[in-house]
Structures are given as C-alpha cells and as structure tokens.
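Read the structure below first, then the notes.
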There are 2 protein chains.
Amino acid sequence: MSDAARYRYPFMIHRHFDEELAVLKEKLLSMGGLAEQAIGKATEAFLKRDGALAQSVIEEDAAINRTEVDLEESCLSLFARFQPEAKDLRFMAMAFKIIDELERVADQAVNIAERTLDLARSPVFNPPSDIATMSTLAMAMLKDSLDAFVNGNADLASEVCQRDEEVDQLNRVVHDTLLERAGKESAGAKQAVDQLLVARHLERVADHATNIAEDVYFIVRGRTIKHRLGAEA
Amino acid sequence: MSDAARYRYPFMIHRHFDEELAVLKEKLLSMGGLAEQAIGKATEAFLKRDGALAQSVIEEDAAINRTEVDLEESCLSLFARFQPEAKDLRFMAMAFKIIDELERVADQAVNIAERTLDLARSPVFNPPSDIATMSTLAMAMLKDSLDAFVNGNADLASEVCQRDEEVDQLNRVVHDTLLERAGKESAGAKQAVDQLLVARHLERVADHATNIAEDVYFIVRGRTIKHRLGAEA
C-alpha cells in the first residue's frame, strides 16, 4: 500500500484489500470454471455431433464475456483504490492478464462449437480419438494453472508449462492423420479440415493455460520462464 | 528533464509521469512496428515460397519477445512509482494489454513462417490471391489501431472494429476455395490446408488489431463496444 493510499484510507485498509483480493480470486476461479465447462461442453458436442449442445455453448459465451468486463472493472477499481505495490502490484497485473486468457479460452469453445455445427450437418466422419485426449489434457492444464495461481504454486505452474508439449505433439499427430485421410477420401476433406481446426483450438486452450502458468511462475519466482519453449505451434 | 533537474524539482512529478508515458507510447509503437514488419515479411516469404526469409522471421521473434518482457516491466514500474488514477490508470491498463496483443501478432508471424517452410518444401500450389489482400488489410488495421491508441482517436478505433468483418469474410472465401480444391486435387490437400491456416493466422492478426481498437474505444468513450461483433470466426 502506498503512503498516499494510507493517508486517504487510514483505517483497516490492509485487511480490506486482502478481503477484496480474496473476492477477486474467487471470481477469477469461477470464470475459470465457466471457461473450462465451455470447453468440456463443446468437446462433448463435437464428439456426439450434437448441434443443439454446440448452439448452447455459443449462446452461453455472452455470460462469460460479461464476466470478463465485470472482472476487469473490479481489477481497475482495486488498482485505483488501493494502489498496490511490489508483490501485490504484480499479482494484480497477473490477474488482469488471466481474465483475458480465460476469455480467449471461452472463445476457443465457441470456435469448436461452430466447427461442430458444420460437422453435424455433414456426413459422418469419425474423428481421431486423440482429439478427446487433447481436450482432457487441455482442461486439466487450465484447472491446474488456476490452482497454481491461487496457491502461488510455482512447481505446479512449471509442470503445466511442460505438459504443453504433449498437447502440441498430439495436435501434430491429429493434423497429419487427418491430412492423410483428406488426401485419400476427398469426399471427407471438409470434415477432416473442420476436425483439424477443432484440434488446433484445443491446442490453443493448452497454450492459454501455459500463458497463465508462465505468469504464475514469474510472480512467485521473480524470473520468467516465458519464451523458453518457443512460439506456439 | 535531467536527473539533476528531477532532483532539484521533485514537485514536478506530474510532468515526469507524462514524459515517461510518452516514452512508453514510443516503445509500444516501435514494438507495433516490429510486429507489423514480421507479418509483412512472413507474408512475403509465403507468397514467394522463400524459406530463408521465413526462417529469419522465426529467428527475429526472440527480439520481439524480449521487447515484450521489457515493456511489461516498464509498465509495472510506472504503476508502482506513479500510482496513476482514473484516466491514467485506464490508459496504463490498456497499454499493458496492448503489449500482449502485439506479442500475439508476432506469434502469428511465426506461425505463418512455419507454414511457409512446410510449403516451400512441397510441390507448388498457387495460393488464392485473397491471402495477400488479407495481409494488407490486417497490417493496416494493426497500424490504425495503434494510431488510434496514441492519439486517443475513438472514431478511428471504431472504424478498425468495423473493418474486421471484411477480413473475416475473405477468410471464409479462402477457406471454402481451398477446401474445394483439396477435395478435387487430393495431391494438394496438404498445401491447401497449410494455406488455409496461413489465412487463419492473418485473420487472427485482424482480431488482435480489433481487440486493441475495442480497448481504445473503451478508454476514450468510457463504454465498451466489445463483444458486439461476436466471437472470433
């Protein structure tokens, strides 16, 4: 807390800030839960060719977008009222970035749902089983990156970053498998590309989780592990 | 102001903040220039099937990543030392987000360069001419979104947001054209998908420019135009 803030809010301000921070953490976790749920639902819709479920993912995105705007406002209000310094400042800056990452995760769910609507209208073309695995892995990474954030757990954060390579690898396998099939079964080229994009969107979810984990690592350890692992695939 | 002057006139802290803000703006614009250049180079490499140029885009990304880390540190240092309020606070929060968007633009350049390396090793498969148009439009949107930012120009920001639809539309056309060709010329399915991904990366550049423009609009007009235009395609 700055001297200026202390002067303006002399009583109990520290406890007050900590309390508001706890509320912010709760809200962030709940936004994370919504984003994770959206990916789970979108993946289920994709695997079951369920257009109605895909449509509901698209419609529910509006609520996540409202949460994003609310959370950003909460963050800015905390900045303005408490003027956090040092560790608190870094934590707040990180929270601000995480909000953004979560909104982008939710956008990936919408992207998957849109591909699913397309696929549900096209002849059946069974997807590679690795896509379901990618979804499970990406969701677990997202969950763990948020756990690492609320608990300040750098080891867990570092582990999440390492797991990104596994999802990248699966994405490459899915990509190659689908390309080969597209070359052989030209009637299924459209579906193959739609599925290839779904895999890519899941790979992006893992990237967003990795971005969060990198930031957590940075704030806890005070040094970056960013950009060690190269750019996104 | 020199360090000596700063020492003698500590009450001039406001002017000092404005000066540092001007430096931050300059640095942001220069990072924007690097990101734009990277997209331009990656597109050129793609159109000319120039593997060496693509490789240089990938190598130069490290410098942009370092700029990102430096700029984030500058931002946090400004937050900590000046504890900006109200409009300044919003401006700083926006700058913080823009840094992130620019880094993601540079990542798209790397993605395009990677696809280009793949394509340069494959038999010639002429890309749809709309891809070059998409690149030109996306780069102009990026440039204008940063101009809108430094000049606080909400009208220009709103215009950038509207232009996003044009790039989305071109992306859909390119996508459908390439899918049709992949269906007909199965030997070119791999190249068609690589090119389809290049178009998608350019469409993402336009999305990043739109994100910046949305934030600029928000800070200048005090209300959001975010999420009016739906999620990314």
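Within region B:40-50, can you find the residues that are open to solvent by 20 Å² or more (accessible area, probe 1.4 Å) and in a helix (DSSP H, G or I)? Give the derivation first.
From region B:40-50, those open to solvent by 20 Å² or more (accessible area, probe 1.4 Å) are B:40-41, B:44, B:47-50; that's our starting set.
The answer is B:Gly40, B:Lys41, B:Glu44, B:Leu47, B:Lys48.
I'd like the full set of residues that are of a type in the set (A, V, I, L, M), under 18 Å from B:Arg200 (Cβ atoms) and within 11 Å of another protein chain (Cβ to nearest Cβ), limited to region B:81-111.
Within region B:81-111, the subset of a type in the set (A, V, I, L, M) is B:86, B:89, B:92-95, B:98-99, B:102, B:105-106, B:109-110.
This time we only want the ones that are under 18 Å from B:Arg200 (Cβ atoms), so: B:105-106, B:109-110.
Those that are of a type in the set (A, V, I, L, M), under 18 Å from B:Arg200 (Cβ atoms) and within 11 Å of another protein chain (Cβ to nearest Cβ): B:Ala106, B:Ala109, B:Val110.
With A:Asp164, A:Asp194, A:Asp144, A:Asp215 as the choices, which residue is of a type in the set (Asp, Glu) and either touching a strand residue (DSSP E or B) at 6+ places or on another chain (Cβ under 8 Å) or under 25 Å from B:Gly183 (Cα atoms) (or both)? Steps first, please.
Working: A:Asp164 fails: either touching a strand residue (DSSP E or B) at 6+ places or on another chain (Cβ under 8 Å) or under 25 Å from B:Gly183 (Cα atoms) (or both); A:Asp144 fails: either touching a strand residue (DSSP E or B) at 6+ places or on another chain (Cβ under 8 Å) or under 25 Å from B:Gly183 (Cα atoms) (or both); A:Asp215 fails: either touching a strand residue (DSSP E or B) at 6+ places or on another chain (Cβ under 8 Å) or under 25 Å from B:Gly183 (Cα atoms) (or both).
Sole residue among the options that is of a type in the set (Asp, Glu) and either touching a strand residue (DSSP E or B) at 6+ places or on another chain (Cβ under 8 Å) or under 25 Å from B:Gly183 (Cα atoms) (or both): A:Asp194.
If you check A:Ile64, A:Ile112, A:Ile99, A:Ile131, which single one turns out to be closer than 21 Å to A:Asp18 by Cβ and open to solvent by less than 20 Å² (accessible area, probe 1.4 Å)? Break it down stepwise before answering.
Numbers: A:Ile64 fails: closer than 21 Å to A:Asp18 by Cβ; A:Ile112 fails: closer than 21 Å to A:Asp18 by Cβ; A:Ile131 fails: closer than 21 Å to A:Asp18 by Cβ.
Every option except A:Ile99 fails the conditions.
Quick one: which residue in B:Val167, B:Val174 is more than 14 Å from chain A (Cβ to nearest Cβ) and among the hydrophobic types (A, V, I, L, M, F, W, C)?
Matching residue, one of B:Val167, B:Val174: B:Val167.
Scanning region B:115-127 for residues that are assigned to a helix (DSSP H, G or I) and either within 9 Å of chain A (Cβ to nearest Cβ) or touching a Leu at 6+ places or on another chain (Cβ under 9 Å) (or both), which turns out least open to solvent (accessible area, probe 1.4 Å)? Full working, then the answer.
Pass one, region B:115-127, residues assigned to a helix (DSSP H, G or I): B:115-120.
Filter again for either within 9 Å of chain A (Cβ to nearest Cβ) or touching a Leu at 6+ places or on another chain (Cβ under 9 Å) (or both), leaving B:115-116.
Working: B:Arg115: 37, B:Thr116: 2 Å².
Filtering region B:115-127 for residues that are assigned to a helix (DSSP H, G or I) and either within 9 Å of chain A (Cβ to nearest Cβ) or touching a Leu at 6+ places or on another chain (Cβ under 9 Å) (or both), the one least open to solvent (accessible area, probe 1.4 Å) comes out as B:Thr116.
What is the residue count in region B:169-188 for residues that are free of Cβ contacts under 8 Å to residues at least 12 places away in the same chain and hydroxyl-bearing (Ser, Thr, Tyr)?
1
Please determine whether any residue of region B:215-227 is crowded, with 16+ Cβ neighbours inside 10 Å, more than 9 Å from chain A (Cβ to nearest Cβ) and either among the hydroxyl-bearing types (Ser, Thr, Tyr) or closer than 24 Å to B:Glu44 by Cβ (or both).
yes
What tally of residues in region B:49-87 results from selecting those that are within 17 Å of B:Lys27 (Cβ to Cβ) and of a type in the set (Asp, Glu)?
Looking only at that region, the number is 4.
Checking A:Asp207 against (1) touching a residue at least 60 places away in the same chain (Cβ under 8 Å); (2) open to solvent by less than 20 Å² (accessible area, probe 1.4 Å): exactly one of these is not met. Which one?
With (1) touching a residue at least 60 places away in the same chain (Cβ under 8 Å); (2) open to solvent by less than 20 Å² (accessible area, probe 1.4 Å) applied to A:Asp207, the lone miss is (1).
Can you pull out every residue in region B:104-151 that is of a type in the set (Asp, Glu), closer than 16 Å to B:Gln37 by Cα and in contact (Cβ under 8 Å) with a residue 60 or more places away in the chain?
B:Asp144
In this structure, does B:Val69 turn out to be hydrophobic (A, V, I, L, M, F, W, C), free of Cβ contacts under 8 Å to residues at least 40 places away in the same chain, more than 28 Å from B:Asp194 (Cβ to Cβ) and assigned to a helix (DSSP H, G or I)? Spell out the reasoning first.
Numbers: hydrophobic (A, V, I, L, M, F, W, C): yes; free of Cβ contacts under 8 Å to residues at least 40 places away in the same chain: yes; more than 28 Å from B:Asp194 (Cβ to Cβ): yes; assigned to a helix (DSSP H, G or I): yes.
Here the answer is yes, as B:Val69 does meet what is asked.
Which of (1) over 30 Å from A:Arg181 (Cα atoms); (2) surrounded by 21 or more Cβ atoms within 10 Å (Cβ to Cβ); (3) not β-branched (Val, Ile, Thr) does B:Ala154 not meet, given it meets every other one?
The single condition B:Ala154 does not satisfy is (2).
Testing A:Asp144 on (1) within 10 Å of another protein chain (Cβ to nearest Cβ); (2) within 19 Å of the chain's Cα centre (by Cα), one condition comes back false. Which one is that?
The one condition A:Asp144 does not meet is (1).
With the condition kept exactly as written, say whether any residue in region A:187-199 is farther than 24 Å from B:Leu196 by Cα and modelled with pLDDT of 95 or more. Let's see the steps before the verdict.
First, the residues of region A:187-199 that are farther than 24 Å from B:Leu196 by Cα: none.
Checked region A:187-199: no residue is farther than 24 Å from B:Leu196 by Cα and modelled with pLDDT of 95 or more.
The values are calculated or read from the model by the stated rules, or taken from the named source; none is laboratory data. As the structure is a prediction and not an experimental result, all values here were calculated from the model. With ideal geometry, Cβ positions are generated from the backbone for all residues, glycine too; neighbour counts draw on all protein chains shown. Just so you know, the surface numbers come from the protein's heavy atoms only, side chains and all, with ligands and any DNA or RNA stripped out. Shrake-Rupley method; radii C 1.70, N 1.55, O 1.52, S 1.80 Å.
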